[in-house]
Amino acid sequence: MIEVQQLSKRYFDREVVRSVSFFVPEGEVLGFLGPNGAGKTTTMRMICAYLPPTSGTVKVAGVDLAEDPLGVRARIGYLPENVALYPEMRVEEFLRFRAAIEGVSRKDVPERLAYVLERCMLTDVRRQLIGTLSKGYRQRVGLAAALIHKPPVLILDEPTVGLDPRQIVKIRELIVELGRDHTVILSTHILPEVEQICQRVLIIDDGRIVADGTPDALRTGFSGLSAVTVELEAADLGAEELLARIAGVEKVERLAAGRFQLAVRDGKSVRREVFRLAVERNWLLTELTQSVPSLEDVFLRLTTREETLPEAEEVQHG
Amino acid sequence: MGKLWAIVKRELIAYFSSPLAYVVLTAFLFVNGFVFWLIVAYLNDPRTRAMAPLRLLFGGTMYFWLLLLFVVPVITMRLLAEERRTGTLELLLTAPVTEGQVVLGKFLAAWLFYLFLWLPTLAYVAILASYATIDPGPVAAGYLGIALLGLLFASVGVFTSSLAKNQIVAAIFAFAALVVVFSVGLVENLVTNPALKNALSYMNLWDHMDDFAKGLVDTRRLVYPVSVAGLFLFLSMKALETVKGR
């Protein structure tokens, strides 16, 4: 459905996207993952025929971007990052405007309008000014606008950013539903989101694709480090250093007082050693768990320059 | 065509749902009303030479130009600058519409709003007509001149709005550019070289309005504003293609 070949974007001497190629078959929900500034938004904007690529080709539903950019736009429903809408328009008024510029024929407008209002749960606010809506509602208006012309492809740039947890759950459910009859590209840096919604993940860093596969395949194939969480009571001050000395432990992070996370090389179980150390030093061991490598680990490993686990706060917020 | 009209309509909705439209409308009517009163009072003085009052109202005084030089940038400043600042431009230009359609749609909306500003001045014509007989020819030609001037001024405003991200900056640039566009033709009175004088007379907007207000419809007075508007709209389109996404 979407065919991207050697797509590059250069601003003067800065290469933002470097020869990116991928294919998205019909009906797939693809997660686009990467740190801020990795080139996700630029790539999406090029696919949507907003920014002209420096080189490379894009085909959406059989239409070549270089030959027919408006044809490509007509086949994509796009939800930009930080959806900006016209605050002075009413929801229904705005959606009618979108329908008109998307080329929806006049006789189809009432039906499409009813469909998107219902689908995005906007029927109650159809007469409200967009400027008075909450961020969650505005996001849904953006999504409704992206759906109004029945596009086969949906491109969503960080659709859940800035929403409260309840709104995030609703939008995710909606995206999963939409994924049943649309081909979707979704960019995000929230990892659980990818695992919940996407069948396939592309990890992009510094303008390049660094990984491509299902979330499961990525987890098992790429992760080098796993994590062991240790909680100690009555531990002395040297605990952190002693834990770090255990063979196989790459790094120790202090999560809270007496709570540590150990980064461990593949396959090595250090729990035995930790337990032994606790007995020896008379510490009270209240937690000792080894976690399965998460997509987060994979992501961080692939997108961090040095091969170390990054700072604690980054791990926490993903 | 449907898409272009959709853009024009949306822009008109934006005009009339913002307080700015009403402020501009009020100020415009206030100043024009004052000027009209001034002209009538002036012509009522027995010592002044008899003259058609509408000829003075349509470009015959400095007030006309001062007002337009201020009002048009205020009308056009928002058009593209605001879309870029808020990011709505991205949504607009990922719909199957061209930069040209966006520029033209916004320009037409601004022009229609400008014409709307002039609509209440028909009351002056009605007032004058109730006291004296009025020759409809020069009046119609005067309005035509105003409409053409609107094309030229609005296109300059659209262009500066396509370059700036900030509305106020767009307005100030438009004002500066319009002062230049307006003054260039007046240099005609200062030069003696006949070729240059001829060229400058072509751009003399004061004479442009004066001719129309006298009822003189000359094709070159039609061609100049239309072609300059075309040029600025083309430049706006190119500017939009370059600046989007930044």
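What the table below lists for this structure:
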| item | result |
| --- | --- |
| Any chance A:ASP164 is away from chain B (no Cβ under 11 Å) and either among the acidic types (Asp, Glu) or surrounded by fewer than 21 Cβ atoms within 10 Å (Cβ to Cβ) (or both) | yes |
| Conditions (1) part of a helix (DSSP H, G or I); (2) under 28 Å from A:PHE23 (Cα atoms); (3) touching a helix residue (DSSP H, G or I) at 6+ places or on another chain (Cβ under 8 Å); (4) more than 14 Å from chain B (Cβ to nearest Cβ): number failed by A:GLU173 | (3) |
| Count - residues of segment B:39-83 that are part of a helix (DSSP H, G or I) and under 23 Å from the mean Cα position of the chain (by Cα) | 27 |
| Residues that are more than 20 Å from B:THR121 (Cα to Cα) and touching a helix residue (DSSP H, G or I) at 6+ places or on another chain (Cβ under 6 Å), drawn from segment B:49-79 | B:PRO73, B:THR76, B:MET77, B:ARG78, B:LEU79 |
| Near pairs, Cβ below 8 angstrom, 6+ apart or cross-chain, from segment B:1-29 (facing chain A (nearest Cβ under 8 Å) and part of a helix (DSSP H, G or I)) to any residue that is among the basic types (Lys, Arg) and surrounded by fewer than 18 Cβ atoms within 10 Å (Cβ to Cβ) | B:GLY2/A:ARG106 |
| Residue that is nearest to the other protein chains (Cβ to nearest Cβ) [pool: residues in segment B:79-124 that are buried (at least 17 other Cβ atoms within 10 Å of the Cβ) and over 19 Å from B:LEU4 (Cβ atoms)] | B:GLU90 |
| Filtered residue count, segment A:53-82, keeping only those that are under 16 Å from A:ILE185 (Cα atoms), within 12 Å of chain B (Cβ to nearest Cβ) and in a loop (DSSP other than H, G, I, E, B) | 2 |
| Any hit, segment A:85-92, residues being away from chain B (no Cβ under 13 Å) and either in contact with a Ser or Thr (Cβ under 9 Å, 6 or more places away or on another chain) or crowded, with 23+ Cβ neighbours inside 10 Å (or both) | yes |
| Top-ranked residue of segment B:142-158 - restricted to ones that are of a type in the set (Gly, Ala, Ser) and surrounded by 21 or more Cβ atoms within 10 Å (Cβ to Cβ), ranked as farthest from B:HIS208 (Cα to Cα) | B:GLY157 |
| Filter result for B:ALA199 (without any contact (Cβ under 8 Å) to a residue 24 or more places away in the chain, more than 30 Å from A:PHE12 (Cα to Cα) and either in a helix (DSSP H, G or I) or within 14 Å of another protein chain (Cβ to nearest Cβ) (or both)) | yes |
| Subset tally (residues that are outside any helix (DSSP H, G or I) and farther than 21 Å from A:PRO152 by Cβ) for segment A:176-191 | 3 |
| Residue in segment A:140-158 that is crowded, with 22+ Cβ neighbours inside 10 Å, more than 29 Å from A:PRO53 (Cβ to Cβ) and of a type in the set (Lys, Arg) present | yes |
| Members of segment A:83-114 found to be among the hydrophobic types (A, V, I, L, M, F, W, C) and in a helix (DSSP H, G or I), listed by number | A:VAL91, A:PHE94, A:LEU95, A:PHE97, A:ALA99, A:ALA100, A:ILE101, A:VAL109, A:LEU113, A:ALA114 |
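Yes/no per residue for (1) outside the structural domain of A:LEU202 (by TED's automatic domain parsing); (2) free of Cβ contacts under 8 Å to residues at least 60 places away in the same chain; (3) out of contact with any helix residue (DSSP H, G or I) (no Cβ under 7 Å at 6 or more places or on another chain):
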residue: A:PHE32; (1), (2), (3): no, no, no
residue: A:GLY37; (1), (2), (3): no, yes, yes
residue: A:MET44; (1), (2), (3): no, no, yes
residue: A:VAL58; (1), (2), (3): no, yes, no
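The values are calculated or read from the model by the stated rules, or taken from the named source; none is laboratory data. Everything numeric in this text was worked out from a predicted model, so none of it was measured. FYI the Cβ positions are ideal-geometry reconstructions off the backbone, even for glycines, and counts take in every protein chain you see.
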